[in-house]
Amino acid sequence: MTTIVYTFHGNVQGIGFRAHVKKKAVELGITGWVKNMDDGSVKALFSGDPEMISIMEAYCRKIPMSEITWADSVPADSYNFETFEIIR
């Protein structure tokens, strides 16, 4: 199990980005959360199989109407999330 926190910068708010992330995370069996940040970025914590997290990151870079100018990631302590949630 791997847990990584991503921050996606660019045109990622107001376009359904979080809903796309949640749908794909559930499909891939990833748990965690996604939320809009005050600076216009979106932060997401993905916890699950490393290969699925890699697929998830690639998917995020292709979400319709989004334009990610850059993204960063940091490993995080493992958490025992049971679901994937949109944090408001």
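The values are calculated or read from the model by the stated rules, or taken from the named source; none is laboratory data. Just so we're clear, the structure is a prediction, and the values are computed from it rather than from any experiment. We place every Cβ from the backbone using ideal geometry, glycine too, and count neighbours over all the protein chains shown.
What the table below lists for this structure:
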item	result
Which numbered condition L45 misses (of (1) surrounded by 16 or more Cβ atoms within 10 Å (Cβ to Cβ); (2) outside any strand (DSSP E or B); (3) of a type outside the set (V, I, T))	(2)
All positions within the range 53-82 that are surrounded by fewer than 17 Cβ atoms within 10 Å (Cβ to Cβ) and among the hydrophobic types (A, V, I, L, M, F, W, C)	I55, A58, M65, W70, V74, A76, F81
Residue list for the range 71-86, restricted to those being of a type in the set (S, T, N, Q) and either in a loop (DSSP other than H, G, I, E, B) or over 12 Å from the mean Cα position of the chain (by Cα) (or both)	S78, N80, T83
The range 55-88 - residue that is under 14 Å from H20 (Cα atoms) and hydroxyl-bearing (S, T, Y) and, of those, modelled with the highest pLDDT	Y59
Top-ranked residue of the range 16-34 - restricted to ones that are loosely packed, with under 14 Cβ neighbours inside 10 Å and of a type in the set (D, E, K, R), ranked as nearest to R88 (Cα to Cα)	K23
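Yes or no, residue by residue, for (1) touching a helix residue (DSSP H, G or I) at 6+ places or on another chain (Cβ under 6 Å); (2) closer than 18 Å to G14 by Cα:
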| position | (1), (2) |
| --- | --- |
| V34 | yes, yes |
| M37 | no, yes |
| L45 | no, no |
| D49 | no, no |
| I53 | no, no |
| R61 | no, yes |
| S66 | yes, yes |
| Y79 | no, no |
| F84 | yes, no |
